[in-house]
Amino acid sequence: MIVKDWCSFCGECAGVCPRNLITVKEYALIFDDSECRECNLCVDACPITALERE
Ligand code: SF4
Ligand code: SF4
């Protein structure tokens, strides 16, 4: 995943991941992509289009 500079770390993307693979930690998003099923829910959930699939 690519996290854009304008990410506000609101946690919306983390909240929708069915596998809880995204953690918001201070000013970083941490992805555990081992089990990512590429459903794109996290990308679609971002209100400011700050998340992009590589
Ligand atoms: S939903 Fe968007 S702005 Fe919010 S933490 Fe995720 S990438 Fe950042
Ligand atoms: S694409 Fe789906 S499974 Fe992968 S991190 Fe985003 S919400 Fe989670």
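The values are calculated or read from the model by the stated rules, or taken from the named source; none is laboratory data. The model shown is predicted, which means the values in this text are computed figures rather than measured ones. Counting neighbours? That spans all protein chains shown, and the Cβs are built from the backbone with ideal geometry, glycine included. The area values use the complete protein model at the heavy-atom level, side chains included, leaving out ligands, DNA and RNA. Shrake-Rupley method; radii C 1.70, N 1.55, O 1.52, S 1.80 Å.
Against the conditions (1) farther than 13 Å from residue 1 by Cα; (2) among the polar types (S, T, N, Q); (3) loosely packed, with under 10 Cβ neighbours inside 10 Å, residue 34 satisfies every one except (1). With respect to (1) assigned to a helix (DSSP H, G or I); (2) more than 8 Å from the chain's Cα centre (by Cα), the lone exception for residue 38 is condition (1). Look at (1) open to solvent by less than 60 Å² (accessible area, probe 1.4 Å); (2) in contact with a strand residue (DSSP E or B) (Cβ under 9 Å, 6 or more places away or on another chain); (3) not charged (D, E, K, R) and you find that residue 40 fails only one, number (2). Looking across the range 6-29, the residues that are more than 6 Å from ligand 1 (Cβ to nearest atom), part of a loop (DSSP other than H, G, I, E, B) and either open to solvent by less than 80 Å² (accessible area, probe 1.4 Å) or without any contact (Cβ under 8 Å) to a residue 24 or more places away in the chain (or both) come down to 17, 18, 19, 20, 21, 26, 27.
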